[in-house]
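Written out below as structure tokens is the structure these notes cover.
The values are calculated or read from the model by the stated rules, or taken from the named source; none is laboratory data. Here the structure is a predicted model, which is why all the values come from computation and not from measurement. Every residue, glycine as well, gets a Cβ built from its backbone with ideal geometry; the counts of neighbours run over all protein chains shown.
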Amino acid sequence: MGKVTGFLEIERHDRKYAAVAERVKHFQEFVVPLTEKETRDQAARCMNCGIPYCHGTGSVQPGTPGCPVNNQIPDFNDLVYQGNWQEAARNLHSTNNFPEFTGRICPAPCEASCTLNIDDNPVTIKTIECAIIDRAWENGWVKPEIAPARTGKKVAVVGSGPAGLACAQQLARAGHDVHLFEKYAKAGGLLRYGIPDFKMEKVVIDRSVTQMEAEGVTFHYGAHVGGSAPDALDPRKLLGEYDAIALTGGAEAPRDLLIPGRDLDGIHFAMDFLPQQNRRVGNEPLGTEREILAGGKHVVVIGGGDTGSDCIGTSFRQGALSVTQLEIMPAPPDHENKGLTWPNWPLKMRTSSSQAEGAKREYAVLTQSFSGTEGKVAKLHGVAVDEKFKPIAGSEFELEAQLVLLAMGFVHPVHEGLLKTLGVELDPRGNVRANTSEYQTSLAKVFSAGDMRRGQSLVVWAIREGRLCARSIDIFLMGSTSLPR
Ligand SMILES: Cc1cc2nc3c(=O)[nH]c(=O)nc-3n(C[C@H](O)[C@H](O)[C@H](O)COP(=O)(O)OP(=O)(O)OC[C@H]3O[C@@H](n4cnc5c(N)ncnc54)[C@H](O)[C@@H]3O)c2cc1C
Ligand code: SF4
């Protein structure tokens, strides 16, 4: 259990960020890792609680405390404290295919539910997770796990985000012949094209893809299943050729803001802006796409979540004159009431590293229209709102805006093409209907996981669903499974 008196003797001490003035000059990661001794000291703080809420209850209900993939946190904390890094990596991989993703970009619900968070000093679980997996890669401990026997069954996975990657990797390890179809040029989904390199460098995905290829997964890039281009793949053909299909195409339909002036040039969805920068960093050609750049502009980001933050950090790195972020919800409290919230994820004021780079934030405001000259946006017109989101008379304001980025979330998966052609049933929110025990859609051979099934969510939930979906497909094909949860 870490060190018996560790939590009494050692203060919480977490990774720091490089200074803002330095980090905004580039697109690389800027988190400064702890030393080995510091990491082991932090792991020593773990109390091995009788009820460790950190590693989760295994429930799929929203708001369930702890780690969605049920990482065995007290166990790997102890292994790190003992200096047994290789066994810690094995332990971590027993529940999570890609701790290098979650160790970088997970909001860490485990830390919110750590017992030591009752007085705001949780174990630095995410930092420890990241240290374990980074050390494992550095030391060559992460190796392809090649199935001892092939089953002769073929599975198609459509979409190579974290859900598709986790699903494909588990199925290949069960001995199936797995083909992963991705419409873009590279694998990773939003990890590759949404989340900027300064949060996660893409080499982290590339090396997992190499590992998966060695495990037998065949990646098909530029393969838009159900797309409108002449060379697009027909999903009905996949149904005929494969024994099972997993739909892991994400929730890609963005929420729009249909107000006067929306059609002015310079107003774009976040996911038209962010992928371009990730492609530039990755030396992937933009083709005929018109460039959207923030340099020399006053930028307004509408939407206060992760996507909005990524737009802010990217804009600053491109040389924006100013970035203002607007959020319709009221500002959350600075500190949660632990008695009411712990061990659940609390609603409270958080400042992302991108917001800390100099963004101005406005809460409880509604954007009413845009105006401009010569067809280009120049101003955003907004108003403050009350607790019922009703405009407050006299509170109207204007903001200079030469680039407006809409980051208000995603409504559901794209229905045209893949889903309509297959004819899978949707749930009332427009996501693919499938439960969390079988992950099976209304079509017997077709399964679904990740944002395409649950709606926009988190990388850690996509990994969990991909793993559980693979188990369910294995049972469907073989009658039983030895794949872990
Ligand atoms: C900008 C941004 C920042 C985010 N930041 C964070 C964060 O910091 N932490 C966090 O936990 N979560 C974050 N999220 C959420 C997280 O990225 C998603 O929840 C997660 O990636 C969902 O994984 P997925 O595999 O279900 O789908 P996706 O990652 O969306 O992957 C779906 C893949 O399917 C492909 N595809 C879709 N349709 C087809 C088709 N018909 N044929 C072939 N391929 C297809 C797509 O091209 C894509 O590659 C962020 C989201 C965004 C947009
Ligand atoms: S809740 Fe915190 S202290 Fe308790 S076992 Fe989990 S990490 Fe350790």
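Computed quantities for the displayed model
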| read-out | value |
| --- | --- |
| Selection count, region 1-51, where residues are crowded, with 16+ Cβ neighbours inside 10 Å, free of Cβ contacts under 8 Å to residues at least 40 places away in the same chain and either within 16 Å of ligand 2 (Cβ to nearest atom) or not hydrophobic (A, V, I, L, M, F, W, C) (or both) | 3 |
| Within region 387-485, helices (runs of 4 or more DSSP H) holding 3 or more residues that are in contact with a Phe, Trp or Tyr (Cβ under 6 Å, 6 or more places away or on another chain) and more than 16 Å from ligand 2 (Cβ to nearest atom) | 459-478 |
| Residue count for region 388-437, restricted to those that are over 30 Å from Val365 (Cβ atoms) and either surrounded by 13 or more Cβ atoms within 10 Å (Cβ to Cβ) or within 16 Å of ligand 1 (Cβ to nearest atom) (or both) | 16 |
| Count - residues of region 337-347 that are over 20 Å from the mean Cα position of the chain (by Cα) and either under 30 Å from Val300 (Cβ atoms) or part of a loop (DSSP other than H, G, I, E, B) (or both) | 3 |
| Where a residue in region 377-388 is acidic (Asp, Glu) and its partner, wherever it lies, is buried (at least 17 other Cβ atoms within 10 Å of the Cβ), with Cβ under 8 Å and at least six apart | Asp386/Ala364 |
| Residue check for Gln72: surrounded by 13 or more Cβ atoms within 10 Å (Cβ to Cβ), of a type in the set (S, T, N, Q), away from ligand 1 (no atom under 16 Å from the Cβ) and within 27 Å of Pro346 (Cβ to Cβ) | yes |
| Any pair with Cβ under 9 angstrom, 6 or more apart, that starts in region 102-120 at a residue that is without any contact (Cβ under 8 Å) to a residue 12 or more places away in the chain and ends at one that is within 12 Å of ligand 2 (Cβ to nearest atom) and part of a loop (DSSP other than H, G, I, E, B) | Asp120/Arg12 |
| Any chance Val80 is under 30 Å from Gly295 (Cβ atoms), away from ligand 1 (no atom under 16 Å from the Cβ) and of a type in the set (Val, Ile, Thr) | no |
| Residue satisfying all of: in region 287-311; buried (at least 16 other Cβ atoms within 10 Å of the Cβ) and assigned to a loop (DSSP other than H, G, I, E, B); modelled with the lowest pLDDT among these | Gly304 |
| Set Ala108, Ala112, Ala149, Ala136: member being out of contact with any strand residue (DSSP E or B) (no Cβ under 7 Å at 6 or more places or on another chain), over 21 Å from Arg453 (Cα atoms), at pLDDT 95 or above and surrounded by fewer than 21 Cβ atoms within 10 Å (Cβ to Cβ) | Ala149 |
| Any chance Glu201 is on the phi < 0 side of the Ramachandran plot and not in a loop (DSSP other than H, G, I, E, B) | no |
| Condition met for Thr95 (more than 16 Å from ligand 2 (Cβ to nearest atom) and either surrounded by 24 or more Cβ atoms within 10 Å (Cβ to Cβ) or among the β-branched types (Val, Ile, Thr) (or both)) | no |
| First in region 216-231 and of a type in the set (Ser, Thr, Tyr), second anywhere and away from ligand 2 (no atom under 16 Å from the Cβ) and in a strand (DSSP E or B), Cβ under 6 Å, 6 or more apart | Thr218/His179 |
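One line per residue, one yes/no per condition, for (1) away from ligand 2 (no atom under 16 Å from the Cβ); (2) surrounded by 21 or more Cβ atoms within 10 Å (Cβ to Cβ); (3) of a type outside the set (Gly, Ala, Ser):
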position: Arg173; (1), (2), (3): yes, yes, yes
position: Glu182; (1), (2), (3): yes, yes, yes
position: Ala187; (1), (2), (3): yes, yes, no
position: Met212; (1), (2), (3): yes, yes, yes
position: Asp231; (1), (2), (3): yes, no, yes
position: Arg236; (1), (2), (3): yes, no, yes
position: Arg255; (1), (2), (3): yes, no, yes
position: Gly261; (1), (2), (3): yes, no, no
position: Asp265; (1), (2), (3): yes, no, yes
